[in-house]
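*Asks:* This structure is in structure tokens; I'll ask about it shortly.
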């Protein structure tokens, strides 16, 4: 997505609508706008240049970075939806330059999951999406309308999660993955691939995503070779990893691909 450009402002202090309720203990940065009927809790920090629309609730131990746009009805930093949660101090961290659209819900972590939900920078989270407790999102991710993440999900940089997709708890989504609409994802998805369906299955390499993210043709060819070894041979996962390690040219992308496969805990989409 790249860094978004916002209109220049002369504001220095926060512009808070008279109907908003902002705790005197909250930390509000410069050039922040807070819309009507929005509620900002005691332990919240809002970074410079962030715009918060009407009827937004931001609670808990939540830190929101700079230049984010949060649209009306979003609920950010509320208690995790976990029956074992009992009021512990847990956190939500949101980076810079994110767009969080209408009625998105993002929950804090749990002690079991390390106590943190984290969202990186330059992400576009569309209306009605849900990010559950202990999720870890990287940068430049797109979540289309009503995509839903279970607890402890990890999504790496540049992934696209299409609308009405559901992702099972503890699943890992690799870099530059494209998940088709209405998918049900119950296993880890290796980097650079396309998946679709219920349950989701792999349909090929995300060539468009690789091109958009500046992956050169020579490296795309190596990723294609890795894909064929993993998905078009009769090798089991361990043999495929061994073959890729021996036959493919070394690169950061191939090393990441192999590392992802070695660390798969739920099995991988096939």
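The values are calculated or read from the model by the stated rules, or taken from the named source; none is laboratory data. These numbers come from a predicted model, not from an experiment. Methodologically, a virtual Cβ is constructed for each residue, glycine included, from the backbone with ideal geometry; neighbour enumeration extends over all protein chains shown.
*Asks:* Can you find a residue that is at positive phi, out of contact with any strand residue (DSSP E or B) (no Cβ under 8 Å at 6 or more places or on another chain) and at pLDDT 95 or above anywhere in the range 9-26?
*Replies:* no
*Asks:* Could you check the range 185-207 and list, in sequence order, the residues that are without any contact (Cβ under 8 Å) to a residue 60 or more places away in the chain and on the phi > 0 side of the Ramachandran plot?
*Replies:* Residues satisfying the conditions are 197, 204.
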